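The values are calculated or read from the model by the stated rules, or taken from the named source; none is laboratory data. Just so it is clear, the structure is predicted and the values come from calculations on it, not from any experiment. With ideal geometry, Cβ positions are generated from the backbone for all residues, glycine too; neighbour counts draw on all protein chains shown. Surface accessibility is based on the protein's heavy atoms, side chains included, excluding ligands, DNA and RNA. Shrake-Rupley method; radii C 1.70, N 1.55, O 1.52, S 1.80 Å.
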Amino acid sequence: MTRCLLIDPDALARASLARYLECFAFTVKVGGTAQELQRLALAEPFDVILLDLGVSGMDGLALCRWVREQLGVPLIAMMAADDLARRVAALECGADDHIDKPHEPREVVARIRALMRRLTRRTVKRSATDSPRSVAFAGWQLDLATRELTSAQGEVVSLSATEFRLLSTFIGQPGHVIERARL
C-alpha cells in the first residue's frame with residue numbers, strides 16, 4: 001500500500017480526497033497546516049506527500065524545499081489552475097509533480113501511481129548499474145546478499161529461494177505483466 005500524507009487547509013476537500021484515495025488502497029494521513037505536515041512527516045515514513053501550497057504556517061514553496069531537503073519524500077504540489085508562475089516555482093523548489101485545483105480525484109490517483117512507477121524504475125535501473133547490496137520498493141527493503149526482506153516497521157522476513165527468485169523477478173520488471181510460464 002502506498003502511504004500518503006495529504007496536507008490541505010480545506011477540511012472538506014481534504015476529507016473527500018482522503019476517502020477517495022482510501023478506496024484505491026492508499027493509506028492516508030491528513031493535516032491542514034505546515035506544522036502538521038512537519039509533525040506527521042517526522043513521526044512516520046510516507047511514500048508521497050500531497051501538499052496544497054496555500055497551507056498556513058509557512059510559505060508553500062519554502063515547505064516544498066523543506067520536504068526535499070529534510071525528508072527526500074516525493075511531493076505533489078496542489079494549487080490554483082491559473083497560477084503558472086507558482087507551478088513552475090514549486091517544481092523548481094522540489095515538487096515532483098503538480099495538480100491543479102479544483103482537482104479531479106481520479107487524476108490525483110493516476111499522478112500518484114505514475115510518480116511511484118517512475119521512482120520504482122529509477123531504483124531498479126540504479127540497482128542494475130550500481131550493483132547495490134539492497135533494493136528499496138514500496139516501503140520494503142530487500143537485502144540481495146542475505147535474501148531478507150525488511151518491512152517499513154523493521155520486521156525482517158527470511159525468504160525461501162523460490163520466494164526470493166519470484167520477488168527479484170517482479171522487482172526487475174516493475175509495471176509489467178509477467179507471463180505465468182516465465183515465473
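Details
- Odd one out for residue 171 among (1) modelled with pLDDT under 80; (2) of a type in the set (A, V, I, L, M); (3) in contact with a Lys or Arg (Cβ under 8 Å, 6 or more places away or on another chain); (4) surrounded by 13 or more Cβ atoms within 10 Å (Cβ to Cβ): (3)
- Going through (1) at pLDDT below 95; (2) closer than 20 Å to residue 102 by Cα; (3) among the basic types (Lys, Arg) one by one, residue 3 falls short only on (2).
- When we screen 2, 33 for residues that are of a type in the set (Ser, Thr, Tyr) and under 24 Å from residue 151 (Cα atoms), the only hit is 2.
- Inside region 153-166, residues that are open to solvent by less than 80 Å² (accessible area, probe 1.4 Å), at pLDDT 80 or above and outside any strand (DSSP E or B) make up a count of 2.
- Taking the criterion of being within 19 Å of residue 38 (Cα to Cα) and either assigned to a helix (DSSP H, G or I) or open to solvent by 60 Å² or more (accessible area, probe 1.4 Å) (or both), the residues of region 1-14 that qualify are 9, 10, 11, 14.
- Counted as qualifying within region 21-117 are the helices (runs of 4 or more DSSP H) with 1 or more residues that are open to solvent by 50 Å² or more (accessible area, probe 1.4 Å) and more than 28 Å from residue 152 (Cα to Cα), namely 84-92.
- Boolean, residue 129 is open to solvent by less than 80 Å² (accessible area, probe 1.4 Å), modelled with pLDDT under 90 and over 30 Å from residue 33 (Cβ atoms): no
- So residue 146, is it outside any strand (DSSP E or B), among the polar types (S, T, N, Q) and at pLDDT below 75: yes
- Among the residues of region 74-88, the ones that are aliphatic (A, V, I, L, M), more than 20 Å from residue 56 (Cα to Cα) and at pLDDT 90 or above come to 1 in all.
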